[in-house]
1. How much length is gained on full extension from GLU169 to ALA85, taking 0.36 nm per residue of separation minus their Cα-Cα distance?
2. With label points built 7 Å along Cα→Cβ from the Cα atoms of THR8 and SER281, find their separation and express it in nm.
3. Please check: in the Gaussian network model of the chain (C-alpha springs, under 10 Å), which one of VAL151, VAL45, VAL303 has the largest mean-square fluctuation.
4. Place a label point 7 angstrom from the Cα of ARG96 along the Cα-to-Cβ direction, then list the residues of region 113-154 whose backbone nitrogen is under 20 Å away.
5. Report the antiparallel proportion of the DSSP beta bridges in the chain as a percent, rounded to a multiple of 5.
6. Extending each Cα 7 Å along its Cβ direction at ARG162 and LYS53, get the distance between those two points in nm, one decimal.
7. Find the relative contact order for region 94-177 and round it to a whole percent, using C-alpha pairs within less than 8 Å whose residues are 6+ positions apart.
8. Please work out whether the chain counts as rounded, prolate or oblate from its C-alpha gyration tensor, where a ≥ b ≥ c are the square roots of the eigenvalues and a/c under 1.5 means rounded, while otherwise a/b larger than b/c means prolate and anything else oblate?
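Every read-out reported here was derived from the displayed coordinates using simple, explicitly stated rules and does not represent laboratory data. Since we're looking at a predicted model, the values are computed, not measured. In this analysis, Cβ positions are derived from the backbone assuming ideal geometry, glycine residues included, and neighbour counts consider all displayed protein chains.
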Amino acid sequence: MTAHQQWTAEQIPDQTGRVFLVTGANSGLGLATARALAARGAQVVLAVRDLAKGRRAAAGIVSEHPRAQVEVGRLDLADLDSVRAFADQVRAGHPRLDVLVNNAGVMAPPRSLSPQGHELQFACNHLGHFALTGLLLDPLSAGRDPRVVTVSSLNHRRGRLRFDDLDGERGYAPMAFYNQSKFANAVFGRELHRRLTAAGSPVRSLLAHPGYTATNLQSGSPTGLWRVLLGRIGNPLLAQSPARGALPQLYAATGPVEAGAFIGPDGPAELRGGPTTVPLSPAAADPETGRRLWEVSERLTDVRYPDPDPDRA
């Protein structure tokens, strides 16, 4: 592992003139990411499901940094119609996009389905970000040092893809399907790296995870015992702050990082600490799994990425 433990948000280079889009930016890691970028001069688009919360978050950033350039757009990642409408708005307003941070997520809710009929965690955490990234590749390709940072989790190492039951019809366990969605994030980020490289694209795909960070992800979505274990017990005892937890994705978004890298905390068990390069699980790096997830994702979202140049593959 390559450690960057001394790196802090104060070391983010000047981002004046660059445009960032952060999903789930009204609270937690997304808000901490947006705040740190705006403080360094970036223009930041806060993609949020609740516009009122997003506007309050934007006002808070501007109150701290009066010269901050922030805007708010409505995005429900679980609804592919919302993803398409939001992407249209972004392309119309931003012919150039420098960095997309795929941050938003839900954790361990009771089983429910998206408007298109997909299991909610897989729909929000993976399919929505897969579709959004594909729909924004053109403005990203026009960016300066363009990057896609997809936020996975330590839990990706516990996940697997149930290709025969992605929606949990035959059996649903909240955390198991959360782990599946975070595994899908990891597979997507690595497969995107392969395809962008093969296509000779200037866009770099990177992965990050925040370790154990105190956000409403643990206290908002889970129910029953999981809410107690994660939100009421785990957060106070083990978790770091969102400002610290956001450092890996901020480093992936702005630091001197190689394409395809996975950035996480450098502390024991990767639970907390400064950003460092960490290993992706071998299962998530498997090219055949990546190909299969890609085909399924294109079919379920009806978003097609450009085919990579086979001579570069």
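1. Answer, rounded to one decimal: 27.3 nm.
2. 3.4
3. VAL303
4. It comes to 136-149, nothing else.
5. Percentage antiparallel, nearest 5: 15.
6. 2.6
7. 47
8. rounded
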